[in-house]
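The values are calculated or read from the model by the stated rules, or taken from the named source; none is laboratory data. This one's a predicted model, so the numbers in the text were calculated from it and none came from an experiment. Positions of Cβ are backbone-derived with ideal geometry, glycine not excepted, and every protein chain shown enters the neighbour counts.
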Amino acid sequence: MAISFTVNGQKRQVDGDAAKPLLWVLREDLDMVGTKFGCGAGLCGACTVHVGGDAVRSCQTPLGDVAGKAITTIEGVQTGDPGKRIAAAWVKHDVPQCGYCQAGQIMSATALLATTPKPSDEEIDAAMMGNLCRCSTYVRIRAAIKDAAGIQDVQA
């Protein structure tokens, strides 16, 4: 079955099983390996992408659910605002250690700032819940999000 959608502004069509997880379509069929496999159960957030602007877990999103929709991956998020601000803040605050979870973290943070330009600590925590970091860089993640949002009480 042919399923059409847009990825990072480019129209794409994939022939495949509508039940195949979007994560594997991106990685295997479209060779976009920035989106990571973590737990396969939608619990860790490593596979987060945007579908229609919303942060979703691609390991739990069937290909059939994205037909006709716009998808943004880590490869495309830095082409616009707030992705550029998040990426710069991530570097400034030296957020990644191992880096494995960072694509998902950045995707969730970008979705947050797109809908909530000046988030509170509680809003940051709620948006980032479920994005796990084994290196525990949560303090730097929050500082980078606040910095990208232009919130002055940034601590790192």
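Side notes on the structure shown:
- Selection from region 26-38 of residues that are closer than 18 Å to Val77 by Cβ and in a helix (DSSP H, G or I): Leu26, Arg27
- Yes/no for Leu43 being outside any loop (DSSP other than H, G, I, E, B), closer than 20 Å to Cys98 by Cβ, of a type outside the set (Phe, Trp, Tyr) and touching a residue at least 12 places away in the same chain (Cβ under 8 Å): no
- Residues of region 35-59 that turn out to be under 18 Å from Ala127 (Cβ atoms) and touching a Pro at 6+ places or on another chain (Cβ under 8 Å), as a count: 1
- Members of region 64-89 found to be surrounded by fewer than 22 Cβ atoms within 10 Å (Cβ to Cβ) and not in a loop (DSSP other than H, G, I, E, B), listed by number: Gly64, Asp65, Ala70, Glu75, Gly76, Lys84, Arg85, Ala87, Ala88
- Close Cβ contacts (under 8 Å, 6 or more residues apart or on different chains) running from residues in region 12-25 that are closer than 17 Å to Gly38 by Cβ to residues that are in a loop (DSSP other than H, G, I, E, B) and among the β-branched types (Val, Ile, Thr) comprise Pro21/Thr61; Leu22/Thr61; Leu23/Thr35; Leu23/Thr61.
- Cβ-Cβ distances below 7 Å connect no pair with a first residue in region 102-113 that is closer than 11 Å to Val49 by Cβ, a second residue that is basic (Lys, Arg) and assigned to a helix (DSSP H, G or I), and a separation of six or more residues or different chains.
- Some residue of region 97-116 being over 23 Å from Cys44 (Cβ atoms), part of a helix (DSSP H, G or I) and at pLDDT 95 or above: no
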